[in-house]
1. When LEU71, LEU6, LEU30, LEU38 are ordered from fewest to most other Cβ atoms inside 10 Å of their Cβ, what list results?
2. Grab the chain and count how many Lys pairs have their alpha-carbon atoms under 16 Å apart, sequence gap of 8 or more, or different chains.
3. Only Cα pairs under 8 Å and at least 6 apart count here; give the relative contact order of the chain as a rounded whole percent.
4. Span-like helices, the chain: DSSP H, alpha-carbon axial extent 18 Å or more, mean Kyte-Doolittle 0.0 or greater, which ones?
5. Hey, got the Cα dimensions of the chain along the principal axes, in Å, largest first?
6. Assigning unit charges at the beta carbon (Lys, Arg +1; Asp, Glu -1) and nothing else, what dipole magnitude in debye, to the nearest 20, does the chain show about its Cα centre?
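Every read-out reported here was derived from the displayed coordinates using simple, explicitly stated rules and does not represent laboratory data. In this text the structure is predicted, and so the values were computed from the model without any measurement. Cβ placement follows ideal geometry from the backbone for every residue including glycine, while neighbour counts extend to all protein chains displayed.
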Amino acid sequence: MDAELLEKELVYAITGCVYEVYRELGHGFLEKVYENALRQELVSQGFVVQCQVPLAVTYKGESVGEYFADLVVNERVVVEIKAQEKLHKANEAQLLNYLKATGKKVGLLVNFAYPKATVKRFVF
């Protein structure tokens, strides 16, 4: 399937929920507040949302650590939430590693920062 079309409708709906949360809360809160609000908004829209999903990291077949994805929506899209003035390449690498660890194809890097919330889509 064309990468541009992969999960297009779901990503569009999640993005709408992100903007609704930002419209209500604005900027300045911690990531956890936005995570909780976005989870609540997604669930109210009928989506299945998993929070703080554990991701095992392996090296040559051995477990070497564990990370936690902020949200996984409908078991198909990983959502990583930030509340930073500026995103860095390390934030993008983090999301790409989450996609690799989960085997999911699509991830969203969401930043609830001034002057507006941003959503960046990644396909792995």
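1. If I rank by nearby Cβ atoms, fewest first, I get LEU30, LEU6, LEU71, LEU38.
2. 12
3. Across the chain, relative contact order equals 24 percent.
4. Values: long enough: 8-25 (26 Å, 0.28); 31-44 (20 Å, -0.73); 89-102 (20 Å, -0.50).
Taking the DSSP H segments of the chain (at least 18 Å long, mean hydropathy at least 0.0), we get 8-25.
5. 45, 31, 24
6. Details: 15 positive and 16 negative charges, 52 e Å.
Dipole size: approximately 240 debye.
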